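Undergrad: Please see the structure below; I have some questions.
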Amino acid sequence: MIDFELTDEHHLLERTVREWGAREVAPRIQELDREHRFERAFLTQMAELGLLGISVPTEYGGAGMDYVSLGLASEELEYVDTHLRVIMSVHVGLNGLTLLSWGTEDQKRRYLVPQSQGTKIATFGLTEPAAGSDVRGIQTVAVKKGDRYVLSGEKMWISLADVADHFLVIAWSDLEKKKKRDTSGLSAFIVERAFRGFSSGTMKHKWGILAGNTGFFKMDEVEVPQENLVGREGEGFKIAMFALDQGRFTVAAGATGLIRACRDASVKYALERKAFGVEIGQHQLVKEMIAQMESDYEAARLLWLRSGWLKNVGRRNTKESGLAKWFATVASERAAGDAVQIHGANGYSDEYPVGRFYRNCKGAVIYEGTREIHKLMQADYLLGYRVDRPTRCELPPHQKAATTR
Ligand SMILES: Cc1cc2nc3c(=O)[nH]c(=O)nc-3n(C[C@H](O)[C@H](O)[C@H](O)COP(=O)(O)OP(=O)(O)OC[C@H]3O[C@@H](n4cnc5c(N)ncnc54)[C@H](O)[C@@H]3O)c2cc1C
């Protein structure tokens, strides 16, 4: 049976996040965006709302909600501003859910619990100055010395680089395999900001998601205890791809919220602005843009909801989460472009929010798999060039969903 009903808990969450965003963030976002300022108080408030550990079981400090709830929160947060959803993507999606699935009990106690409670903030470090899509091209190395790994390298374009306390870092632990570009030589590590040799900075010339923090971090012979190896040595690539399955889900849901924000702003303006003696909503070509936003919004929402449902019942969703992310982000770029168009010259000023939507949407067409990489993935599934094999660790199904299946 197909059930499109959200639960009362889902509706309450949606309403709570929406009202918080409208009350605390919306009145300040224009100023924060203009000043390129990251507001730490939002993190505290998001922690109080339980968002920073939303789909993490309560035994690990989380709110114990299902994965659809993670999507709903992401959609509502990006409705207000993309930088809030980015926090969910890196802190909960890429990092927290990966530790939940691949981390040892000790790692979950030491890292996942404080992260889920929001007393520590976490992110994900894969990209480097010379390698993004081409993961095999990263240069960071982890050399084993006794009971430690010594990490050296630089990560770039990292969300929350200057904010986070904990970093899930992908590095080459087998230097022979690095030469051969064999991904079974990659490993994943938890690196703390407090470790000696770690430094970070904020990227100053970014032109979107300006209220968010994006930067770089450097590891100069950072000693990481063996207990901070996530999974087994050589599982780093699989862990990175697993993390992206979670992050992409939040990006898809977030971009869906951005489409809705574009739609709502466009409808409002189309009813206010007059041209040729009538409100511009009366012009068919304006209607066409608004109608496209609505169809994109509904389709994007169904795609991420399906992916959330698959997560809830414990089924693999790499293909579905990738498709949801690709569709929603490309559609959000279309929606934001049209929202600016509907606003005419006013859309070209930051007095109206649609200019911010236009700048913010583009990042998601690039990160967590570019538009082109997602196209290739979907074609490769169809052509039989790509098949998902089971991984050693899987995302735990949501308990309620699993028992009512
Ligand atoms: C705002 C922002 C936040 C980010 N946050 C994080 C983060 O928290 N952690 C993190 O690790 N990274 C992060 N990233 C980095 C992001 O994941 C990378 O930018 C992304 O993976 C693309 O890599 P690249 O920029 O090196 O582009 P490249 O890989 O160099 O690609 C350049 C162009 O070539 C195309 N291309 C590359 N390979 C192929 C191919 N095989 N076939 C067809 N076309 C191809 C791409 O689609 C793209 O159009 C962030 C990026 C941004 C913009």
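Read the figures in this text as sums done on the coordinates, not as results from a lab. These figures come from a predicted structure and were not determined experimentally. Glycine also receives a Cβ, built like all others from the backbone with ideal geometry; neighbour counts cover every protein chain displayed.
Undergrad: Identify, among 355, 304, 261, the residue whose Cα sits farthest towards the positive end of the charge dipole of the chain, taking +1 on the Cβ of Lys and Arg and -1 on the Cβ of Asp and Glu, with the dipole about the Cα centre.
TA: Selected residue: 304.
Undergrad: Stokes-Einstein diffusion coefficient for region 227-283 at 10 °C in a medium of 1.306 mPa s, Rh from the Kirkwood formula over Cα pairs: what value in µm²/s?
TA: Using the Kirkwood radius from Cα pairs, D works out to 105 µm²/s.
Undergrad: Next question, about the same structure. What nm value, rounded to one decimal, do you get for the distance between residue 267 and residue 19 when each label is placed 7 Å out toward the C-beta?
TA: That separation, rounded to one decimal, is 2.1 nm.
Undergrad: Right, next: Could you name the lysines whose alpha carbon sits less than 25 Å from that of residue 287, not counting residues in the same chain fewer than 8 places away?
TA: Cα-Cα hits under 25 Å: 268, 274, 362.
Undergrad: So how far apart, in nm, are the two label points at residue 194 and residue 130 if each is 7 Å from Cα heading toward Cβ?
TA: For the pair residue 194/residue 130, the computed spacing is 3.4 nm.
Undergrad: May I ask you to compute the full-extension gain from residue 394 to residue 45, defined as 0.36 nm times their residue separation minus their alpha-carbon distance, rounded to one decimal in nm?
TA: Gain on stretching residue 394 to residue 45: 122.6 nm.
Undergrad: So who's got an amide H within less than 5 Å of the one on residue 149, skipping anything under 5 residues away but keeping other chains? H placed 1.01 Å off N, in plane.
TA: It is 224, 226, by chain and number.
Undergrad: Any of 155/206; 319/375; 155/325; 120/145; 155/204 with alpha carbons more than 18 Å apart? Name them for me.
TA: 155/325; 120/145
Undergrad: Rounded to whole Hz and in sequence order, give me ³J(HN,Hα) for region 325-342 from the Karplus expression 6.51 cos²θ - 1.76 cosθ + 1.60, θ = phi - 60°, writing x for Gly and Pro.
TA: Using θ = phi - 60°, the values come out as 5, 4, 4, 5, 6, 5, 5, 5, 5, 5, 5, 5, x, 6, 5, 5, 4, 4 Hz.
Undergrad: Further question on the same structure: Please get the size of the charge dipole for the chain, origin at its Cα centre, with Cβ charges of +1 on Lys and Arg and -1 on Asp and Glu, quoted in debye to the nearest 20.
TA: Its charge dipole is roughly 900 debye.
Undergrad: If you build the Cα gyration tensor of region 1-136 and take the root of 5 times each eigenvalue, what three semi-axes come out, in whole angstrom, biggest first?
TA: They are 23, 22, 16 Å, listed largest first.
Undergrad: From the phi angles alone, apply the Karplus equation (6.51, -1.76, 1.60; θ = phi - 60°) to region 46-51 and give each ³J(HN,Hα) in whole Hz, x where the residue is Gly or Pro.
TA: 5, 5, 4, 7, x, 6
Undergrad: Now for a separate question. Whose amide H sits under 5 Å from the amide H of residue 200, counting only residues 5 or more places off or on another chain, with H placed in the peptide plane?
TA: 218
Undergrad: Rounded to the nearest 0.05, what FRET efficiency do residue 175 and residue 350 give with R0 = 41 Å and r taken as the Cβ-Cβ distance? Could you check?
TA: 0.25
Undergrad: OK, next. From Cα pairs below 8 angstrom and at least 6 apart in sequence, can you work out the relative contact order of the chain, rounded to a whole percent?
TA: So the answer I get is 17 percent.
Undergrad: Moving on. What is the dipole size for region 255-405, taken about its Cα centre, with +1 at each Lys and Arg Cβ and -1 at each Asp and Glu Cβ, in debye to the nearest 20?
TA: Its charge dipole is roughly 700 debye.
Undergrad: OK, next. Can you tell which of 71, 254, 344 shows the greatest fluctuation in a Gaussian network model of the chain with Cα springs below 10 Å?
TA: Top of the fluctuation ranking is 344.
Undergrad: While we're looking at this one, here's another question. Enumerate the calculated ³J(HN,Hα) couplings along region 7-16 in order (Karplus 6.51 cos²θ - 1.76 cosθ + 1.60, θ = phi - 60°), each rounded to whole Hz, writing x wherever the residue is Gly or Pro.
TA: 7, 4, 4, 4, 4, 5, 4, 3, 5, 5
Undergrad: Using +1 on the beta carbon of Lys and Arg, -1 on that of Asp and Glu, and nothing else charged, what's the dipole of region 351-392 about the Cα centre, debye to 20?
TA: In total the dipole reaches around 80 debye.
Undergrad: Next up: Assuming R0 = 22 Å, can you tell me the calculated FRET efficiency for the pair residue 241 and residue 306, based on Cβ-Cβ distance, to the nearest 0.05?
TA: Step by step, r from the Cβ atoms, then E = 0.65.
Undergrad: Express as a percent, rounded to the nearest 5, the fraction of DSSP beta bridges in the chain (both residues included) that run antiparallel.
TA: Once the DSSP bridges in the chain are tallied, antiparallel ones form about 85 percent.
Undergrad: For region 161-229, state which trypsin sites (Lys or Arg not before Pro) are in a DSSP loop and have at most 13 other beta carbons lying within 10 Å of their beta carbon.
TA: Those that pass, being in a loop and sparsely packed, are 181, 196, 204.
Undergrad: So what is log10(I(q)/I(0)) for region 130-216 at q = 0.13, 0.22, 0.26 1/Å, when the Debye sum runs over its Cα atoms only?
TA: -0.47, -1.11, -1.33
Undergrad: I've got another one for you. Using Cα springs under 10 Å in a Gaussian network model of the chain, which residue among 265, 240, 364 shows the largest mean-square fluctuation?
TA: Residue with maximal mean-square fluctuation among 265, 240, 364: 265.
Undergrad: At q = 0.08, 0.12, 0.13 Å⁻¹, what base-10 log of I(q)/I(0) does the Debye formula yield for the chain when every alpha carbon is treated as an equal point scatterer in vacuo?
TA: Debye curve over Cα of the chain, log10 I(q)/I(0) at q = 0.08, 0.12, 0.13 Å⁻¹: -0.41, -0.92, -1.07.
Undergrad: Work out the charge dipole of region 96-198 with +1 on the Cβ of Lys and Arg and -1 on the Cβ of Asp and Glu about the Cα centre, then indicate which of 113, 149, 163 is farthest towards its positive end.
TA: Of 113, 149, 163, it is 149.
Undergrad: Please list, ordered by chain and number, the residues whose modelled amide H lies under 5 Å from the amide H of residue 273; skip anything fewer than 5 residues away on the same chain.
TA: It is 280, by chain and number.
Undergrad: Report the chymotrypsin sites (Phe, Trp or Tyr not before Pro) located in region 230-276 that are in a DSSP loop and have at most 13 other Cβ atoms inside 10 Å of their Cβ, or state none.
TA: Passing sites in region 230-276 are 276.
Undergrad: Taking 7 Å along the Cα-to-C-beta vector as the label spot, tell me the residue 34-residue 145 distance in nanometres, rounded to one decimal.
TA: Taking the two extended label points, one gets 5.0 nm.
Undergrad: If I take every Cα pair under 8 Å that is 6 or more residues apart in region 157-309, average their sequence separation and divide by the length, what percent do I get for the relative contact order?
TA: 21
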